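Peer 1: Below is the structure I would like to discuss, written out as structure tokens.
The values are calculated or read from the model by the stated rules, or taken from the named source; none is laboratory data. Predicted, not measured: the structure shown is a model, and the values here were computed from it. Backbone-built Cβ (ideal geometry, glycine too); neighbour counts: all protein chains shown. When the accessible area is computed, the model is the full protein with side chains, heavy atoms only, and any ligands, DNA or RNA have been set aside. Shrake-Rupley method; radii C 1.70, N 1.55, O 1.52, S 1.80 Å.
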Amino acid sequence: MSNSETKCLCGAVKISAKQINPKFTVCHCQSCRTWGGAPFFAVKCGTQVSIEGEDKVKVYESSSWASRGFCSECGTHLFYKLKASGEYNMPVGLFANLEGLQMDMQYFSDMRPSYYCFSNETKEMTTAEIMAYFAAKM
Ligand SMILES: [Zn+2]
Ligand SMILES: [Zn+2]
């Protein structure tokens, strides 16, 4: 398996991502923390993603702009996918041997609870900044 290939815990779903950006993002929003029990560490994988065993992938529409996929057999979180662009964000921990990883951005920094913090120096965006950014793009 190359660095850009992985599989879920049970092996029913295999993923190959050709364009992984090693500058990963962290999302502190309540949806991500509800989904995973902790902030979501994600690598941007673009659209060149192939998934084997798609019949075992359960997709949940978590908002009007994105969906979240997981393995229906073992529950491994597989992706957060933006509907408009088709771009995938995948949990950084899915890929065991990625090189050059760097925490680059923390989203919804104002929603970060008080019981953890990271010492990494990163960019941050608050809820208001994220809403303004997306409003400008629409
Ligand atoms: Zn599985
Ligand atoms: Zn989030």
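Peer 1: State which entries of 58/137; 18/81; 58/123; 7/123; 14/123; 14/44 exceed 23 angstrom in Cα-Cα distance in the structure shown.
Peer 2: Flagged as over cut-off: 58/137; 58/123; 7/123; 14/123.
Peer 1: Largest first, how would 99, 73, 87 line up by accessible area (1.4 Å probe)? List each step's numbers first, then the result.
Peer 2: Details: 99 145, 73 115, 87 80 Å².
Solvent-accessible surface, decreasing: 99, 73, 87.
Peer 1: Under the Karplus relation 6.51 cos²θ - 1.76 cosθ + 1.60, θ = phi - 60°, what is the ordered set of whole-Hz ³J(HN,Hα) values for segment 14-23, x standing for Gly and Pro?
Peer 2: Each residue's phi maps through the Karplus curve to give 10, 10, 10, 10, 8, 10, 8, 8, x, 7 Hz.
Peer 1: Rounded to the nearest 0.05, what FRET efficiency do residue 9 and residue 136 give with R0 = 41 Å and r taken as the Cβ-Cβ distance? Could you check?
Peer 2: According to the calculation, E is roughly 0.55.
Peer 1: For helix 127-137, report the angle its Cα long axis makes with the longest principal axis of the Cα atoms of the chain; keep it between 0 and 90° and round to the nearest 10°.
Peer 2: With rounding to tens, the tilt is 70 degrees.
Peer 1: Using Cα centres only, tell me the gap between segment 1-49 and segment 73-125 in whole Å.
Peer 2: Measuring centre to centre over Cα atoms gives 8 Å.
Peer 1: Next up: Counting only heavy atoms of protein chains, what accessible area per residue, in Å², does the chain have with a probe of 1.4 Å?
Peer 2: 59
Peer 1: By its C-alpha gyration tensor, with a ≥ b ≥ c as the square roots of the eigenvalues, how is the chain shaped: rounded for a/c under 1.5, else prolate for a/b larger than b/c, else oblate?
Peer 2: Since a/c reaches 1.5 and a/b is larger than b/c, the shape of the chain is classed as prolate.
Peer 1: Placing unit charges on C-beta atoms (Lys and Arg positive, Asp and Glu negative, everything else neutral), compute the dipole magnitude of the chain about its Cα centre in debye, rounded to 20.
Peer 2: Computed about the Cα centre, the dipole is about 140 debye.
Peer 1: Roll a 1.4 angstrom probe over the protein heavy atoms and tell me the percent of accessible area of the chain that is carbon or sulfur.
Peer 2: Roughly 52 percent, rounded to a whole number.
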